[in-house]
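Trainee: Just passing along the structure, written as structure tokens.
The values are calculated or read from the model by the stated rules, or taken from the named source; none is laboratory data. Everything quoted here is computed from the prediction, not taken from an experiment. Quick reminder, even Gly has a Cβ in these numbers, built from the backbone with ideal geometry, and neighbours come from all protein chains shown. Ligands, DNA and RNA are excluded from the accessible area calculation, which covers all protein heavy atoms including side chains. Shrake-Rupley method; radii C 1.70, N 1.55, O 1.52, S 1.80 Å.
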Amino acid sequence: MTAAGCASSQQDDATLNDNIWNETELIQTYLAPLAAGAAGAFGLADDAALIETEDGVDLVVSTDPVIAGVHFFADDAPQDIAWKALAVNISDLAAKGADPLCYTMALAFPDAPRGEWMTGFATGLLEAQTAFGCRLMGGDTDRTTGPLSISITAFGKVARGDFLRRAGAGIGDHVFVSGTIGDAALGLLLRTSEGALGNLEPLDREFLLRRYLRPQPRVELIPLLKRYASAALDVSDGLVKDAGRLAAGADAALAIKVGDVPLSTAARVVVAGQSDRIETVLTGGDDYEILFAIPPGNIAKFRSELSSLLFDVTLLGVLAPGSGVTVALPNGENLTIGQTGFDHFARS
């Protein structure tokens with residue numbers, strides 16, 4: 001039975017519109033079904049979970065909270081909020097070459113949630129954890145004077161010694177990125193101002209909004225990263241900023257041609273009509289694509305396996321002596337970029 005089925009089978013429509021004032025009811029009705037099949041979760045009826053691992057396996061742990069008004073809008077669909085909350089954490093695991101295992105979650109509500117909202121939220125979590133191959137293991141619920149806060153800690157596993165750091169690349173390594181860049185940043189603009197990107201076709205508008213609301217962690221890339229990559233991280237704060245982190249980890253420089261940055265059809269339409277939006281695309285963040293380096297000796301084998309993926313992987317450049325990231329325009333001049341990416345504490 002799905003989480004949504006479990007909730008709806010116990011409540012009528014009137015109850016769904018009521019606030020849930022009982023923490024045990026909230027957990028057992030809406031969240032415990034998400035732990036079904038996870039032996040160490042104990043049905044979310046204990047004070048801690050038990051995670052068993054095999055010999056020769058390391059646990060990889062990532063915590064990336066999302067907060068209403070910062071990472072999502074409070075009036076976003078609860079299914080989308082739940083998906084994003086889990087996806088951003090699974091993206092971190094994927095970039096480390098770690099297979100998702102399970103997650104814990106702390107929910108802090110400004111007010112008691114309604115049954116209808118929790119049903120949607122549980123449905124979105126079920127969709128996400130099914131897509132990513134993990135289950136809820138435990139957590140807590142709280143009341144807060146601030147906005148809705150969802151803090152997920154995701155656990156993954158790698159063979160001992162195979163953890164993929166962002167600081168493992170070297171001079172001469174080729175830098176690739178998965179998928180397309182800038183869609184989520186443009187989707188956020190659409191979410192905040194309907195006419196911000198001009199007269200987009202409905203399908204392009206829907207695509208960009210979807211990319212903002214439902215990021216797709218590239219878990220399918222994990223086996224290739226394990227075999228061939230020297231370093232990786234996910235693009236969460238903007239391509240230029242995160243590429244700078246990868247290059248700094250190699251004590252190297254990276255030169256990118258703006259024409260080599262992979263853009264979706266929708267993003268190309270926007271940039272063609274508003275050329276200044278290229279900086280938004282390069283620095284906006286929320287892509288949750290994977291940026292990674294492949295040593296020269298692994299390139300041929302890596303490329304031979306790309307046909308197994310359902311998304312594109314694009315070469316951005318080669319790490320060279322020096323420092324920093326430059327982005328060259330078609331005329332050969334380097335693009336002048338103000339803030340290279342998102343920072344929670346940057347001065348506005």
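Trainee: Restricting to helices (runs of 4 or more DSSP H) lying wholly in the stretch 211-318: which have 3 or more residues that are closer than 25 Å to Asp76 by Cα?
Mentor: Details: elements: 222-228, 239-249, 265-273, 277-283, 299-304.
Result: 265-273, 277-283.
Trainee: Taking into account only those residues within the stretch 140-162 that are hydroxyl-bearing (Ser, Thr, Tyr) and crowded, with 16+ Cβ neighbours inside 10 Å, which is nearest to Leu309 (Cα to Cα)?
Mentor: Thr153
Trainee: Further, regarding this structure: Go through (1) open to solvent by 10 Å² or more (accessible area, probe 1.4 Å); (2) within 21 Å of Asn298 (Cβ to Cβ) and name the single condition Thr265 misses.
Mentor: (2)
Trainee: Still on this model: Go through the stretch 289-307 residue by residue and tally those that are open to solvent by 20 Å² or more (accessible area, probe 1.4 Å) and either of a type in the set (Asp, Glu) or at pLDDT 95 or above (or both).
Mentor: 11
Trainee: Ok, one more. From Ala74, Ala32, Ala41, Ala94, which residue is within 27 Å of Val235 (Cβ to Cβ) and in a helix (DSSP H, G or I)?
Mentor: Ala94
Trainee: Taking the stretch 163-192 on its own, how many of its residues are part of a helix (DSSP H, G or I), open to solvent by less than 10 Å² (accessible area, probe 1.4 Å) and not aliphatic (A, V, I, L, M)?
Mentor: Selection size over the stretch 163-192: 2.
Trainee: For the stretch 153-179, which residues satisfy the criterion of being β-branched (Val, Ile, Thr) and over 27 Å from Leu254 (Cβ atoms)?
Mentor: Scanning the stretch 153-179 gives a single hit, Thr153.
Trainee: Identify the residue in the stretch 51-85 that is of a type in the set (A, V, I, L, M) and within 19 Å of Thr141 (Cα to Cα) and, among all such residues, is surrounded by the fewest Cβ atoms within 10 Å (Cβ to Cβ). Quick ask: steps written out before the conclusion?
Mentor: Taking the stretch 51-85 and keeping what is of a type in the set (A, V, I, L, M), we get 51, 57, 59-61, 66-68, 70, 74, 77, 81-82, 85.
Restricting the remaining residues to those that are within 19 Å of Thr141 (Cα to Cα) gives 66-68, 74, 81-82, 85.
On the way: Val66: 20, Ile67: 17, Ala68: 17, Ala74: 11, Ile81: 24, Ala82: 28, Ala85: 25.
Filtering the stretch 51-85 for residues that are of a type in the set (A, V, I, L, M) and within 19 Å of Thr141 (Cα to Cα), the one surrounded by the fewest Cβ atoms within 10 Å (Cβ to Cβ) comes out as Ala74.
Trainee: Which residue out of Gly120, Gly133, Gly139, Gly124 is modelled with pLDDT of 95 or more and at positive phi?
Mentor: Values: Gly120 fails: at positive phi; Gly139 fails: modelled with pLDDT of 95 or more; Gly124 fails: at positive phi.
Selected residue: Gly133, the only one of Gly120, Gly133, Gly139, Gly124 that is modelled with pLDDT of 95 or more and at positive phi.
Trainee: Quick check on Thr29: is it without any contact (Cβ under 8 Å) to a residue 12 or more places away in the chain and polar (S, T, N, Q)?
Mentor: So Thr29 does not fit the description; no.
Trainee: For the stretch 269-320, name all the residues that are of a type in the set (D, E, K, R) and closer than 18 Å to Val235 by Cβ. Break it down stepwise before answering.
Mentor: At the first step, the residues of the stretch 269-320 found to be of a type in the set (D, E, K, R) are 276-277, 279, 286-287, 289, 301, 303, 305, 312.
Matches in the stretch 269-320: Arg277, Glu279, Asp286, Asp287, Glu289, Asp312.
Trainee: Just one of the numbered conditions (1) open to solvent by less than 20 Å² (accessible area, probe 1.4 Å); (2) closer than 23 Å to Asn22 by Cα; (3) touching a Ser or Thr at 6+ places or on another chain (Cβ under 8 Å) is not true of Phe121; which one?
Mentor: Tallying (1) open to solvent by less than 20 Å² (accessible area, probe 1.4 Å); (2) closer than 23 Å to Asn22 by Cα; (3) touching a Ser or Thr at 6+ places or on another chain (Cβ under 8 Å), Phe121 fails exactly one: (3).
Trainee: Could I ask something else about it? Among the residues of the stretch 46-67, is any touching a Leu at 6+ places or on another chain (Cβ under 8 Å), modelled with pLDDT of 95 or more and over 26 Å from Val175 (Cα atoms)?
Mentor: Yes, the stretch 46-67 contains a residue that is touching a Leu at 6+ places or on another chain (Cβ under 8 Å), modelled with pLDDT of 95 or more and over 26 Å from Val175 (Cα atoms).
Trainee: Which of the following residues is polar (S, T, N, Q) and either assigned to a strand (DSSP E or B) or over 22 Å from the mean Cα position of the chain (by Cα) (or both): Thr130, Thr145, Thr123?
Mentor: Step by step, each of Thr130, Thr145, Thr123 is checked, and only Thr145 is polar (S, T, N, Q) and either assigned to a strand (DSSP E or B) or over 22 Å from the mean Cα position of the chain (by Cα) (or both).
Trainee: Does Gly115 fit the bill of being out of contact with any Leu (no Cβ under 7 Å at 6 or more places or on another chain), farther than 23 Å from Ala38 by Cβ and either among the β-branched types (Val, Ile, Thr) or modelled with pLDDT under 95 (or both)?
Mentor: no
Trainee: Just for the stretch 1-29: of the residues that are at pLDDT below 80 and in a loop (DSSP other than H, G, I, E, B), which one is least open to solvent (accessible area, probe 1.4 Å)?
Mentor: Within the stretch 1-29, the match that is least open to solvent (accessible area, probe 1.4 Å) is Gln11.
Trainee: If you go through the stretch 275-288 one residue at a time, do you hit one that is surrounded by fewer than 16 Cβ atoms within 10 Å (Cβ to Cβ), in contact with a strand residue (DSSP E or B) (Cβ under 9 Å, 6 or more places away or on another chain) and either within 17 Å of Gly182 (Cβ to Cβ) or free of Cβ contacts under 8 Å to residues at least 12 places away in the same chain (or both)?
Mentor: For the stretch 275-288, residues surrounded by fewer than 16 Cβ atoms within 10 Å (Cβ to Cβ), in contact with a strand residue (DSSP E or B) (Cβ under 9 Å, 6 or more places away or on another chain) and either within 17 Å of Gly182 (Cβ to Cβ) or free of Cβ contacts under 8 Å to residues at least 12 places away in the same chain (or both): absent.
Trainee: Note down all Cβ pairs under 8 Å where the first residue falls in the stretch 49-68 and is farther than 20 Å from Met105 by Cβ, the second is open to solvent by 80 Å² or more (accessible area, probe 1.4 Å) and acidic (Asp, Glu), and they're at least six residues apart or on different chains.
Mentor: Correct list of pairs: Asp58/Asp162.
Trainee: Is it the case that some residue within the stretch 49-68 is assigned to a loop (DSSP other than H, G, I, E, B), under 18 Å from Arg210 (Cα atoms) and touching a Pro at 6+ places or on another chain (Cβ under 7 Å)?
Mentor: no
Trainee: Take the conditions at pLDDT 95 or above and either out of contact with any strand residue (DSSP E or B) (no Cβ under 7 Å at 6 or more places or on another chain) or surrounded by fewer than 21 Cβ atoms within 10 Å (Cβ to Cβ) (or both) and apply them to Arg210. Does it pass?
Mentor: On the way: at pLDDT 95 or above: yes; either out of contact with any strand residue (DSSP E or B) (no Cβ under 7 Å at 6 or more places or on another chain) or surrounded by fewer than 21 Cβ atoms within 10 Å (Cβ to Cβ) (or both): yes.
Spelling it out, Arg210 is indeed at pLDDT 95 or above and either out of contact with any strand residue (DSSP E or B) (no Cβ under 7 Å at 6 or more places or on another chain) or surrounded by fewer than 21 Cβ atoms within 10 Å (Cβ to Cβ) (or both).
Trainee: If you don't mind, another one. Of the conditions (1) touching a residue at least 24 places away in the same chain (Cβ under 8 Å); (2) part of a loop (DSSP other than H, G, I, E, B), Asn331 clears all except one; give me its number.
Mentor: (1)
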